[in-house]
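First comes the structure, then the notes that go with it.
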Amino acid sequence: MNMLFIYALTGTGLFFIGFYALIIHTNLLRKILALNIMGSGVFLVLISLAMRSGHSSPDPVSHAMVITGIVVAVSATALALVLMLKVVDITGKPDLHDQEDE
Amino acid sequence: MISDNLIPLFMIMSSFLPALMIFGLAEERKNLRRSLNLIGVVSTLAFVVYMFSGVYQGHHYETRFPLLPNIDLVLLAGPIALFFGALSSVLWFLTTVYAIGYLEGSPHRSRFFGFFSLCITATLGVAFSGNLITFLIFYEMLTLVAYPLIVHRGTEESRLAGQSYLMYTIFGGALLLLGTVWLYTLTGTLEFTPRGFIENVDEEHYFALVSIFILLITGFGVKAALVPLHGWLPLAMVAPAPVSALLHAVAVVKAGAFGIILVVYEVFGVEKAADMGLTQPLAVLAAITIIYGSVMALYQDDLKRRLAYSTVSQVSYIILGVAIVGPIATIGGVVHLVHQGVMKITLFFTAGNFAETLGIHKVSEMNGVGRRMPLTMTAFTIGALGMIGVPPIAGFISKWYLGLGALQADQEWVILILIGSSLLNAGYFLPILYRAWFLPSPEKWPHEHNFGSRETSLMLLIPPLITALLALIFGLLASSPYSPLEWVKLIASREFY
Amino acid sequence: MMQFIMTLPWAIMLILFPLTGAIISFLWSKQGNKIGLVTITFVLISVIFLAWSIIEQDVYLHTIGGWDAPLGINLYADGLSLVMLIMTALVGLGISIYAISYFSADQSKRFWPLWLLIIAGLNALFLSSDIFNYYVALELIGLAAVSLTALGNTRKAFLGAMRYLLATLLGSLLYLFGVGLLYHGFGSLDIATLSRNVQSTPVLWVSFALMGGGLLLKTALFPLHFWLPPAHSSAPAPVSALLSALIIKSSFYILIRLWLSIFGPLGDGTVESIFGLLGAGAILWGSFQALRQTRLKLLVAYSTVAQIGYLFLAFALAMSGGSIAWNAVVFLAFSHALAKSAMFLVVGNLLRFGGHDEIIHLDRVAQRLPITTAAFALAGISIIGLPLSGGFIGKYFLLESALLQEQWGFVIILLLGSLLSAAYIFKVISHFFTPSSTPHDSKIIPANMEWAALLLALAAILLGLFSSSVLSIVDIGSPFELEGEKL
């Protein structure tokens, strides 16, 4: 149980590190990476919470959720990267500043 | 034949459907538009007359439609409803004829007449509403459909006037909604009842009831041009003359006054309102408005503005009659709804004639107009004298009953107000009459249109003559059984005994 | 025959039709318009039949593949889901009719597959009964919506889409984290099961904070609304309509469901106050910003921010025991969807017509585009909450609920909100009548673009007349009651 708890804690830590990075950086690639790290953090938490007492195998539903989440993360990252390239194409820089003045 | 319960709905439809059809017409289809207009007007009038006679024979006309849980949309042909409804439909008929003549050759007539028609739909809905929610709905509808008429000319000036109008009326509408919903949470019903429906509310809600009264009166007071809520009215004069006539004599302003009448008589009950100490402040406010309006009118050179301030002042006679608790004062106030209507519309019609025929917009330009346009000026004179209160024109009857009612209710100060305002009225109307009849005309009128042998087009001439005649008849024959006065006596009796 | 119709699995079709339509329109992209129109019509028909069967037989429950909860996926439709589905179908039809003429052939190829995917996602969301299915549906909708936003191909569109993507992904991750915790804490993903198992522990409230935070971000409640104005205002008009009218409501719907079944019965009043406060802030801030805008599209976007505030105000009142307030929530959501989509379609027309959407330079639109003007006016009436409209009914219930609970602050905010919205709506309308100082070339607007806007706006008004029918539909399955007692 102890190891799993540490995993869960790590996952949460990753989540918050990613969150911080998402907000602080203006560079789009870093933001996208930050989101990925946040995602990994969540998945780590989900898996480490998947151990059930009284059963010999871990909970498959949690695993199913993580697999779905990974698939979603992949597609989302792909979309994000394409969009980032479009932004670079049009503005010349991969930056997203705090709020554009209209 | 048709069920009694559908007649009020048909009456509303007979102005609503033509409006929708007119919207769809191209500008050039003049004749079709005229026909639709007149069909709408005549059928509406027919329905009102039908209900009028039916009620005498004991029929009951009521349309109900569930709107919200426990609250219906109700159209009901009661005595007050028929009174206001008859005024509105007859005057609308005349105004439509006038407007057709006035807007000859103007752009966007389809849009204009469509909204014009919708205004009467809304006004009749207001007149025939059977509960506060129905009233509110049609009242707000009136706010909205009158707006395109005010900004019709499309100038920056009219846009600003429209903006001012909306600011005031939407604000009033918000207060009305709050008051209505609040009242509902206290009483569980909103149906208009003679002598009010709030008896069952506990004493502990006294403060709430007073607040509701203030909210409702303020909300209605905006349209009724109660000081200090009257600011939009003089600005709205930028609209074409038929619009001013409609707004000031028939629809918007009267709807506000009508709302106040209903709040005092059929929501709170006049005796209950007096017990709560609500009527005296209202009377004072009305008195202030009467004097203020008349004083401001003295300073206006623009004819329509002078008439606008006169309206501000005159509508408060109605409110004053309502606020002085007593059957005779009630009669005076409520009958003024009709009397002021026919007199004021005459004045606006004639003002429009002067503008259209001779390009006159200011009082100072009216020298000698009586010789150039004698019939129009006669109508104006009758209207003006009626406003002052000269017998035997209808205005005198209203003021007489107001005065008597004040005495009966021990409110002698009101007599001073009546005398003072009549003097002020004389002060701003008599000089016009003098100028028009007795001074020589200028070399050249500001902008003259020639109408051949007649002084102006027939469609512009006949309506004011008819309304002036009505003002005379309502006064002369006030004691005959079908006069507005007798009808109002019937209404008043339901509220007091 | 009737019996046969009622046994067909309409819920499945509601998801399958648009999915299939999306794939077909992707493969056969030249016929996008026709495929799209056919599909959305099928969706509308399915909704009607589903409604019919629900009205006859109470709620609808379909167990996919025969695998029951907690492992399988159930599709469940009660009155609330049905109203949301009807809203989606109606708005969807309106936007589809508009989109046929709006897009160029090139854009059209990309629009239809994504659009139909979103419809599938929305339907799936409204029919789901477990919290993970919500996640999947949210992601499907979110990614497709971002792509649609970027369809505008302009700098603003890409930046707006990027911001939207980052915000929506953040929201989803927060939500997923919460789902994981909730699952671990109470052993099931199925909502009905969870509602039986939950207890007020720290785990519950942490997961609520996470899920709630994510959903609030997706619903753009003040102050988490920052991504909405750039995204909604830079997308093509039909997409903006979709975003403001439907997608915003989807995350709001999840929040309501979670509250009703899981978190609500254990709440102690703090959440209500927070929602009420934020809602009030949204109304004031959104309306104030709307008033300041010179471009119409931004004005309409900020109007959405304000209207979301109304939804949360009603939510807050409903949470603290006002059953009337649930009626307000339903009417406000439904009428806003119809009216706001109509408004964005109008803006699309104006942009196409004059080439710009500067408010003061609107040039006598009332004369030249009367149908569009009427659409904007009617939609505006519903947004302001003037009678007679769905928005009025919603505001009425809201006011009644606030007065009954003696929440005077809410009453004042409500009135202020109405006045502010009247101010910015009429500011726009007044410029419809006046000529502009700088004339612009004008283009012809296809009839279906004008009529789509008008019909949607009319629907918002008609909603006000048929409130009792709508209320009786919503009550099917008693979504707002928990074991007999109204929440």
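Which residue out of C:I86, C:I48, C:I15, C:I54 is of a type in the set (A, V, I, L, M), surrounded by fewer than 16 Cβ atoms within 10 Å (Cβ to Cβ) and under 24 Å from C:I476 (Cβ atoms)?
C:I48
Inspect all residues belonging to the range C:268-275 and state whether any of them is surrounded by 24 or more Cβ atoms within 10 Å (Cβ to Cβ) and out of contact with any His (no Cβ under 8 Å at 6 or more places or on another chain).
Scanning the range C:268-275, I find at least one residue that is surrounded by 24 or more Cβ atoms within 10 Å (Cβ to Cβ) and out of contact with any His (no Cβ under 8 Å at 6 or more places or on another chain), so the answer is yes.
Take the residues of the range B:13-29 that are free of Cβ contacts under 8 Å to residues at least 60 places away in the same chain and in a helix (DSSP H, G or I): which is nearest to B:A86 (Cα to Cα)?
Per the criteria, the residue is B:S14.
Assuming A:A21 fulfils every condition listed in (1) more than 17 Å from C:H184 (Cα to Cα); (2) at the interface with chain C (Cβ under 10 Å from one of its Cβ atoms); (3) not charged (D, E, K, R) apart from one, which condition is it?
That leaves (2) as the condition not met.
Looking only at residues in the range C:349-365 that are aliphatic (A, V, I, L, M) and surrounded by fewer than 24 Cβ atoms within 10 Å (Cβ to Cβ), which one is farthest from the other protein chains (Cβ to nearest Cβ)?
C:L351
Considering only the range C:281-369, give the helices (runs of 4 or more DSSP H) lying wholly within it that have at least 3 residues that are on the phi < 0 side of the Ramachandran plot and under 18 Å from the mean Cα position of the chain (by Cα).
Qualifying helices (runs of 4 or more DSSP H): C:296-319, C:323-354.
For the range B:414-465, which positions are within 30 Å of B:W92 (Cβ to Cβ) and among the β-branched types (V, I, T)?
Result: B:I432, B:T456, B:I462.
Which pairs turn up if I take residues in the range B:427-444 that are in contact (Cβ under 8 Å) with a residue 60 or more places away in the chain and look for partners that are part of a helix (DSSP H, G or I) and among the charged types (D, E, K, R) with beta carbon separation below 7 Å, at least 6 apart in sequence or on another chain?
B:Y428/B:R306; B:S441/B:R371; B:S441/B:R372
This table checks each residue for (1) closer than 23 Å to C:L260 by Cα; (2) aromatic (F, W, Y); (3) crowded, with 24+ Cβ neighbours inside 10 Å.
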position: C:L204; (1), (2), (3): yes, no, no
position: C:L217; (1), (2), (3): yes, no, no
position: C:P223; (1), (2), (3): no, no, no
position: C:P230; (1), (2), (3): no, no, no
position: C:S240; (1), (2), (3): no, no, yes
position: C:L243; (1), (2), (3): no, no, yes
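How many residues does the range B:96-112 hold that are more than 10 Å from chain C (Cβ to nearest Cβ) and either at pLDDT 90 or above or out of contact with any Lys or Arg (no Cβ under 8 Å at 6 or more places or on another chain) (or both)?
Matching residues across the range B:96-112 total 10.
Filter the range B:113-122 down to residues that are of a type outside the set (A, V, I, L, M, F, W, C) and either surrounded by fewer than 24 Cβ atoms within 10 Å (Cβ to Cβ) or within 14 Å of another protein chain (Cβ to nearest Cβ) (or both), then give me how many there are.
2
Which condition number in (1) surrounded by 15 or more Cβ atoms within 10 Å (Cβ to Cβ); (2) over 24 Å from C:G180 (Cβ atoms); (3) hydrophobic (A, V, I, L, M, F, W, C) is the one that A:L81 fails?
Checking A:L81 against (1) surrounded by 15 or more Cβ atoms within 10 Å (Cβ to Cβ); (2) over 24 Å from C:G180 (Cβ atoms); (3) hydrophobic (A, V, I, L, M, F, W, C), the one that fails is (1).
More than 14 Å from every other protein chain (Cβ to nearest Cβ) and in contact with a His (Cβ under 9 Å, 6 or more places away or on another chain): is that true of C:A99 in this structure?
No; evaluated as a whole, the condition is false for this residue.
Conditions: (1) assigned to a helix (DSSP H, G or I); (2) in contact (Cβ under 8 Å) with a residue 60 or more places away in the chain. B:E455 meets all but one. Number of the miss?
(1)
So, in the range B:166-189, exactly how many residues are at pLDDT 85 or above and more than 10 Å from chain C (Cβ to nearest Cβ)?
Here the count works out to 5.
Looking at this structure, is C:I256 modelled with pLDDT of 90 or more, out of contact with any Asp or Glu (no Cβ under 9 Å at 6 or more places or on another chain) and within 22 Å of C:L298 (Cβ to Cβ)?
Criteria not met by C:I256.
Pairs needed: first member in the range C:402-414, in contact (Cβ under 8 Å) with a residue 24 or more places away in the chain; second member anywhere, hydroxyl-bearing (S, T, Y); C-beta distance under 9 Å; at least 6 residues apart or different chains.
Listed by first residue and then by second, the contacts come to C:L404/B:T185; C:Q405/C:S320; C:Q407/C:S320; C:Q407/C:S401; C:F410/C:S401; C:L414/C:Y310.
Given the conditions (1) among the hydrophobic types (A, V, I, L, M, F, W, C); (2) outside any helix (DSSP H, G or I); (3) surrounded by 20 or more Cβ atoms within 10 Å (Cβ to Cβ), which single one is not true for C:L194?
(2)
Can you find a residue in the range B:26-36 that is surrounded by 23 or more Cβ atoms within 10 Å (Cβ to Cβ) and modelled with pLDDT under 90?
The answer is no; no qualifying residue exists.
Output the number of residues of the range C:146-170 satisfying the condition of being surrounded by fewer than 24 Cβ atoms within 10 Å (Cβ to Cβ) and either small (G, A, S) or on the phi > 0 side of the Ramachandran plot (or both).
5
Take A:L28 and tell me if it is surrounded by 15 or more Cβ atoms within 10 Å (Cβ to Cβ), touching a residue at least 40 places away in the same chain (Cβ under 8 Å), of a type in the set (A, V, I, L, M, F, W, C) and farther than 25 Å from A:I67 by Cβ.
Yes; evaluated as a whole, the condition is true for this residue.
Considering only residues of the range C:389-409 that are surrounded by 24 or more Cβ atoms within 10 Å (Cβ to Cβ) and out of contact with any Ser or Thr (no Cβ under 8 Å at 6 or more places or on another chain), which is nearest to the other protein chains (Cβ to nearest Cβ)?
If we take residues in the range C:389-409 being surrounded by 24 or more Cβ atoms within 10 Å (Cβ to Cβ) and out of contact with any Ser or Thr (no Cβ under 8 Å at 6 or more places or on another chain), then C:L399 is nearest to the other protein chains (Cβ to nearest Cβ).
How about the range B:155-173: which of its residues are of a type outside the set (S, T, Y) and touching a residue at least 12 places away in the same chain (Cβ under 8 Å)?
B:E157, B:L160, B:A161, B:G162, B:L166, B:M167, B:I170, B:F171, B:G172, B:G173, listed by residue number.
Going by what's in this entry, would C:L386 be described as facing chain B (nearest Cβ under 7 Å), touching a helix residue (DSSP H, G or I) at 6+ places or on another chain (Cβ under 6 Å) and within 23 Å of B:T169 (Cβ to Cβ)?
So C:L386 passes the test.
Is the range B:82-95 home to any residue that is within 12 Å of another protein chain (Cβ to nearest Cβ) and more than 21 Å from B:T346 (Cβ to Cβ)?
no
Being part of a helix (DSSP H, G or I) and touching a Gly at 6+ places or on another chain (Cβ under 9 Å) is the filter here; which residues of the range B:430-449 pass it?
Selection gives B:L433, B:R435, B:A436, B:W437, B:F438.
So how many residues does the range B:123-142 have that are within 12 Å of chain C (Cβ to nearest Cβ) and within 14 Å of B:V41 (Cα to Cα)?
The number of residues fulfilling the criteria is 0.
Residues to consider are B:I397, B:I382; find the one that is within 22 Å of the chain's Cα centre (by Cα), under 16 Å from B:Q314 (Cβ atoms), at pLDDT 90 or above and crowded, with 20+ Cβ neighbours inside 10 Å.
Exactly one residue qualifies, and that residue is B:I382.
The values are calculated or read from the model by the stated rules, or taken from the named source; none is laboratory data. Quick caveat, the model's predicted, so the values are computed rather than measured. Positions of Cβ are backbone-derived with ideal geometry, glycine not excepted, and every protein chain shown enters the neighbour counts.
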